[in-house]
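Right, one structure below, let's go through it.
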Amino acid sequence: MERTVTIVPKDGLHARPAARFVTTANEFDAEISVATAESDPVNARSMISVTTLDARQGETVRLVAEGDDAEVALDALEAVLTTPEGES
Amino acid sequence: MSVELTGTGVTPRVGFGNVIWHRGVTDLPPLPDPKTVDTDEEIARFEAACERGHDELADERDQTRDRLGEDEAEIFDAHRAFLDDPEITGSVEVAIENGLPAPHAVRQAFEDPIARLAGLEGQMAERADDLRDVRDRLLRILTDRERTDLGDLPDGAVLLAERLGPSDTAQLDPEAVAGFATVFGGRTSHAAIFARSLGIPAVVGVGDELGQVGDGRPVLVDGTDGLVVIDPDESARNRVGDEETEIIPNHVTTTDGTEIEVAGNVGTLAELDTANEQGADGIGLFRTEFLFLDRDAPPDEDEQYDAYVEALSAFPNDRVIIRTLDIGGDKQIPYLDAPEEGNPFLGTRGIRRSLGSDADLFETQLCALLRAGSEGNLAVMFPLVSHVEELDAALSLVEDVAEDLIEDGIEHKIPEIGVMIETPGSVFVAESLASRVDFCSIGTNDLTQYVMAADRENEHVADLHDPLHPPVLRAIRRTIEVSHEGGAWVGMCGEMAGDPELTELLVGLGLDELSMSAVTVPKVKSTLETIDAEDARERAERLLRSETRTEVRRLLSEGTDE
């Protein structure tokens with residue numbers, strides 16, 4: 001199961017949104033990866049990998065999830081990526 | 001000659017003070033033989049360290065939220081995510097299985113990720129600082145090192161560090177620190193953001209040259225021009241913010257002519273000059289602990305004598321109050337065997353050690369002090385006295401030492417003698433103590449800790465550790481009243497004495513002397529010159545009737561509106 005999402009927070013997938021993203025990914029059993037247009041998919045549970053993607057505001061990322069709760073996990077992660085700063 | 005170093009200024013403010021270095025924790029003990037490393041045990045150690053790291057981060061998050069808001073607090077969520085990162089935990093486990101002990105495994109596992117983040121551009125590179133912060137936290141926990149207590153820096157300190165991470169700045173008391181400068185970091189580093197949020201003068205990214213600035217050196221941190229000025233001259237110091245007041249070299253009086261002595265607290269010989277330059281009327285607290293630190297054996301009598309004479313010659317016309325060795329509690333000296341104590345703040349501290357396990361040291365120190373007594377206007381005071389017999393014992397030792405010096409024909413003079421009032425016990429017998437000595441000096445930091453039963457080091461009770469709580473104010477008032485009746489003059493040498501917002505209250509309570517970090521001397525002096533002592537007494541009377549700190553604060557702020 002996969003989904004393509006455009007990043008809304010102005011800081012991109014940075015410190016705080018990245019932390020929210022990783023913390024959310026850890027709440028589910030599904031194996032989840034995230035990739036930008038230029039990068040290979042990385043483990044969505046790894047703060048280091050997610051940060052190193054250097055995904056900016058307006059960039060599109062591809063989420064891939066496998067597991068029983070894959071769909072809810074993708075919904076939750078999409079919500080993180082489309083919530084502007086300060087409104088979470 | 002002053003020296004200027006350049007970096008990135010991050011706050012349009014200028015600060016001045018004495019250097020305190022905050023050093024990192026990446027130096028580890030040498031590697032043991034891999035065969036002696038118990039893999040399971042090391043993994044368990046690592047897991048326990050992660051757990052403790054999580055607990056600390058949760059606490060610091062709360063603290064930061066209270067101080068700077070939710071936005072800044074969220075940085076700690078990033079730290080928690082780094083702490084749980086499968087990439088890190090995976091490589092740590094592999095490294096331990098290859099025979100590394102947990103701390104070395106942690107250091108190695110973070111190397112590559114830190115390098116990767118640091119290699120990214122702009123803001124991303126700053127996130128490497130977060131990763132370093134997480135690594136250093138784990139290393140500190142694993143090597144069982146005490147956290148440097150950045151929350152308890154002396155007033156007016158300028159903090160220097162390679163980097164300051166969120167966990168460091170969360171502890172910093174913005175009221176106490178005069179500024180900071182770092183070797184690394186840019187405008188968006190956590191340290192820079194923190195400095196701007198709280199208006200602390202700061203310069204980041206100064207580079208390796210910052211390392212040449214030693215502890216205790218006077219420096220100016222100019223956040224406007226991005227300068228760190230070592231040994232600044234007077235014209236450079238005039239750049240210190242608009243709020244900086246003119247230095248008043250003479251003794252000052254209140255509007256009705258009551259003279260209050262405004263003295264400096266010093267913890268190193270270098271600070272004597274600063275105190276002089278800031279116009280201090282002598283020294284109200286000369287901490288002798290620094291003479292005993294960073295060495296393998298205590299200084300002998302002659303070395304101590306030289307240091308005391310140096311302090312006296314820095315203030316030839318003023319009194320210099322030297323406090324005898326005050327160790328124990330949170331201050332330990334490695335070569336002096338200290339017992340393991342479950343509750344060191346209630347253990348063998350201050351005068352208790354001087355009359356007990358450190359009796360020899362105490363005698364040597366008294367010899368040096370009595371000899372120095374003939375070289376200037378010296379006063380000596382004893383720390384942490386809690387009942388009369390302790391003072392009697394110390395006083396009779398002074399007499400013994402004087403007799404020995406007479407026998408040996410050595411020039412000396414018994415100085416003015418005082419007692420510190422910093423325990424509830426000493427407050428309740430202050431009249432008896434005062435009748436035996438020339439002066440009392442109220443140490444508000446410890447007095448607050450002991451009256452409120454709130455550990456100075458414990459952030460969870462930080463709110464209790466405030467001298468504006470009525471129990472502390474009433475202890476101070478009692479001390480002053482009964483000490484005066486006992487014929488002693490009374491000073492104050494805790495942080496409270498250097499707060500210009502409280503100067504009127506302290507005058508109203510009847511203090512004869514206030515001693516503080518040198519940097520606050522000018523402001524307190526100029527404040528004193530605007531105070532009418534009689535008005536201050538009436539206002540203090542009213543304020544002392546307050547039953548709650550809230551009411552105390554309300555009355556204090558009413559005063560400033562009038």
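Determine if region B:171-180 includes at least one residue that is touching a residue at least 40 places away in the same chain (Cβ under 8 Å), over 19 Å from the mean Cα position of the chain (by Cα) and open to solvent by 10 Å² or more (accessible area, probe 1.4 Å).
No, every residue in region B:171-180 fails to be touching a residue at least 40 places away in the same chain (Cβ under 8 Å), over 19 Å from the mean Cα position of the chain (by Cα) and open to solvent by 10 Å² or more (accessible area, probe 1.4 Å).
For the structure I just gave you, tell me whether B:ARG67 is over 19 Å from B:VAL134 (Cα atoms), part of a helix (DSSP H, G or I) and open to solvent by 40 Å² or more (accessible area, probe 1.4 Å).
yes
Going residue by residue through region A:7-19, is there one that turns out to be out of contact with any Cys (no Cβ under 9 Å at 6 or more places or on another chain), more than 10 Å from chain B (Cβ to nearest Cβ), closer than 20 Å to B:PHE82 by Cβ and part of a helix (DSSP H, G or I)?
Checked region A:7-19: no residue is out of contact with any Cys (no Cβ under 9 Å at 6 or more places or on another chain), more than 10 Å from chain B (Cβ to nearest Cβ), closer than 20 Å to B:PHE82 by Cβ and part of a helix (DSSP H, G or I).
Exactly one condition in (1) small (Gly, Ala, Ser); (2) out of contact with any strand residue (DSSP E or B) (no Cβ under 6 Å at 6 or more places or on another chain); (3) assigned to a helix (DSSP H, G or I) is false for B:SER386; which is it?
Checking B:SER386 against (1) small (Gly, Ala, Ser); (2) out of contact with any strand residue (DSSP E or B) (no Cβ under 6 Å at 6 or more places or on another chain); (3) assigned to a helix (DSSP H, G or I), the one that fails is (3).
Just checking, does region B:25-34 include any residue being touching a residue at least 12 places away in the same chain (Cβ under 8 Å) and under 29 Å from B:LEU269 (Cα atoms)?
The answer is yes; a qualifying residue exists.
Pick from region B:70-104 the residues that are touching a residue at least 60 places away in the same chain (Cβ under 8 Å) and within 13 Å of another protein chain (Cβ to nearest Cβ): which of them is surrounded by the fewest Cβ atoms within 10 Å (Cβ to Cβ)?
So, considering only residues that are touching a residue at least 60 places away in the same chain (Cβ under 8 Å) and within 13 Å of another protein chain (Cβ to nearest Cβ), the one surrounded by the fewest Cβ atoms within 10 Å (Cβ to Cβ) is B:GLU72.
Return yes when B:LEU117 is open to solvent by less than 10 Å² (accessible area, probe 1.4 Å) and either within 13 Å of chain A (Cβ to nearest Cβ) or not in a helix (DSSP H, G or I) (or both) and no when it is not.
Taking the combined requirement at face value, the residue satisfies it.
So in region B:521-534, with the set limited to residues that are in contact with a strand residue (DSSP E or B) (Cβ under 6 Å, 6 or more places away or on another chain) and crowded, with 17+ Cβ neighbours inside 10 Å, which one is farthest from B:LEU153 (Cα to Cα)?
Once the filter is applied, the top-ranked residue is B:LEU528.
List the pairs whose first member sits in region A:48-61 and is at negative phi, whose second member is open to solvent by 50 Å² or more (accessible area, probe 1.4 Å) and assigned to a helix (DSSP H, G or I), and whose Cβ atoms are under 6 Å apart, counting only residues at least 6 apart or on separate chains?
A:ILE48/B:GLU87; A:THR52/B:ARG116
Checking B:GLY425 against (1) crowded, with 19+ Cβ neighbours inside 10 Å; (2) part of a helix (DSSP H, G or I), which test does it fail?
Failed condition: (1).
For B:ALA48, only one of the following conditions fails: (1) surrounded by 15 or more Cβ atoms within 10 Å (Cβ to Cβ); (2) part of a helix (DSSP H, G or I); (3) among the aliphatic types (A, V, I, L, M). What is its number?
The one condition B:ALA48 does not meet is (1).
Considering only residues that are open to solvent by 40 Å² or more (accessible area, probe 1.4 Å), touching a residue at least 24 places away in the same chain (Cβ under 8 Å) and either in contact with a helix residue (DSSP H, G or I) (Cβ under 6 Å, 6 or more places away or on another chain) or farther than 18 Å from B:GLY418 by Cβ (or both), which ones fall in region B:330-370?
B:ASP330, B:LYS331, B:TYR335, B:LEU355, B:GLU363, B:THR364
When the residues of region B:55-64 are filtered to those that are open to solvent by 40 Å² or more (accessible area, probe 1.4 Å) and either in contact (Cβ under 8 Å) with a residue 40 or more places away in the chain or within 14 Å of chain A (Cβ to nearest Cβ) (or both), which remaining residue is farthest from B:THR169 (Cα to Cα)?
Per the criteria, the residue is B:ASP59.
In region A:54-88, what count of residues is obtained for those that are closer than 16 Å to A:ASP11 by Cα, away from every other protein chain (no Cβ under 14 Å) and crowded, with 18+ Cβ neighbours inside 10 Å?
Number satisfying all stated conditions: 2.
Here is a yes/no grid of residues against (1) in a loop (DSSP other than H, G, I, E, B); (2) out of contact with any Ser or Thr (no Cβ under 7 Å at 6 or more places or on another chain); (3) crowded, with 17+ Cβ neighbours inside 10 Å:
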| position | (1), (2), (3) |
| --- | --- |
| B:ILE247 | yes, yes, no |
| B:LEU291 | no, yes, yes |
| B:PRO299 | yes, yes, yes |
| B:SER313 | no, yes, no |
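Just give me the residues in region A:29-53 being over 26 Å from B:PHE110 (Cα atoms) and crowded, with 18+ Cβ neighbours inside 10 Å, in sequence order.
The one that is over 26 Å from B:PHE110 (Cα atoms) and crowded, with 18+ Cβ neighbours inside 10 Å: A:ALA30.
Quick test for you: out of B:GLY214, B:GLY279, B:GLY226, pick the one residue that is at pLDDT 90 or above and among the small types (Gly, Ala, Ser).
Unique residue meeting the criteria: B:GLY279.
Conditions tested, residue by residue: (1) among the hydroxyl-bearing types (Ser, Thr, Tyr); (2) outside any helix (DSSP H, G or I); (3) crowded, with 21+ Cβ neighbours inside 10 Å; (4) in contact with a strand residue (DSSP E or B) (Cβ under 7 Å, 6 or more places away or on another chain).
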{"position": "B:VAL507", "(1), (2), (3), (4)": "no, no, yes, yes"}
{"position": "B:LEU511", "(1), (2), (3), (4)": "no, yes, yes, yes"}
{"position": "B:VAL519", "(1), (2), (3), (4)": "no, no, yes, yes"}
{"position": "B:ALA536", "(1), (2), (3), (4)": "no, no, yes, no"}
{"position": "B:LEU543", "(1), (2), (3), (4)": "no, no, yes, no"}
{"position": "B:SER546", "(1), (2), (3), (4)": "yes, yes, no, no"}
{"position": "B:LEU555", "(1), (2), (3), (4)": "no, no, no, no"}
{"position": "B:GLU558", "(1), (2), (3), (4)": "no, no, no, no"}
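Please tell me if B:PHE382 is out of contact with any Gly (no Cβ under 7 Å at 6 or more places or on another chain) and open to solvent by 40 Å² or more (accessible area, probe 1.4 Å).
no
Of these, B:ARG127, B:ARG52, B:ARG116, B:ARG147, which one is within 33 Å of the chain's Cα centre (by Cα) and at pLDDT 85 or above?
B:ARG52
Please verify whether region B:53-60 includes one or more residues that are outside any helix (DSSP H, G or I) and either within 26 Å of B:ILE88 (Cβ to Cβ) or among the acidic types (Asp, Glu) (or both).
no
Just wondering, is there one or more residues in region B:481-500 that are open to solvent by 10 Å² or more (accessible area, probe 1.4 Å), of a type in the set (Val, Ile, Thr) and either at positive phi or touching a helix residue (DSSP H, G or I) at 6+ places or on another chain (Cβ under 8 Å) (or both)?
yes
Being at the interface with chain B (Cβ under 9 Å from one of its Cβ atoms) and outside any loop (DSSP other than H, G, I, E, B) is the filter here, so list the residues in region A:22-53 that pass it.
Residues satisfying the conditions are A:VAL22, A:THR23, A:ASN43, A:MET47, A:ILE48, A:SER49, A:VAL50, A:THR51, A:THR52.
The values are calculated or read from the model by the stated rules, or taken from the named source; none is laboratory data. Everything numeric in this text was worked out from a predicted model, so none of it was measured. Ideal geometry is used to build each Cβ from the backbone, glycine not excepted, and the neighbour counts take in all protein chains shown. SASA here: full protein model, heavy atoms, side chains in, ligands and nucleic acids out. Shrake-Rupley method; radii C 1.70, N 1.55, O 1.52, S 1.80 Å.
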